[in-house]
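Reading through the structure tokens given below for one structure.
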Amino acid sequence: MSGARLPAGWTLEAIRNISGDQEAMALDTERSVEWVAGPGCRARIHPEIVLGFHGLCLVKPVNDEDWYMGSLNGDGSVDCWSAYSDLHEALRGL
């Protein structure tokens, strides 16, 4: 899992405490991530950081300060449907 990392200034303990998910973890970034804006409207996201929360993920794209929330699919890919400008807000939104 060489692509698994935490956001700068954050610990896994802090992420788990804010999200309420004591099994939250950093996931490998080597996966397909897409923004799903509606039927037939998909855009690829290049993840810098991926955080996993059971069936949900938060993804921070390369060169983007927003955090995208989405579903972790069985094949490891992520379909995102919501965006947050702040990680703390995104963690509370889980």
Quiz item: If Gly40 passes every condition in (1) at positive phi; (2) open to solvent by less than 70 Å² (accessible area, probe 1.4 Å); (3) at pLDDT below 95 but one, which one does it miss?
Solution: (2)
Quiz prompt | In the range 81-94, the residues that are open to solvent by 80 Å² or more (accessible area, probe 1.4 Å), without any contact (Cβ under 8 Å) to a residue 60 or more places away in the chain and either touching a Ser or Thr at 6+ places or on another chain (Cβ under 6 Å) or under 18 Å from Gly20 (Cα atoms) (or both) | solution = Glu89
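For Glu30, indicate whether it is farther than 20 Å from Arg16 by Cβ, open to solvent by less than 70 Å² (accessible area, probe 1.4 Å) and among the charged types (D, E, K, R).
no
The values are calculated or read from the model by the stated rules, or taken from the named source; none is laboratory data. Note that the coordinates shown come from a computational prediction; the quantities given were computed from them, not determined experimentally. Neighbour counts are summed over all protein chains in view; Cβ atoms, including those assigned to glycine, are modelled from backbone coordinates with ideal geometry. The protein model used for the area step is the full one, side chains on, heavy atoms only, and it has no ligands, DNA or RNA in it. Shrake-Rupley method; radii C 1.70, N 1.55, O 1.52, S 1.80 Å.
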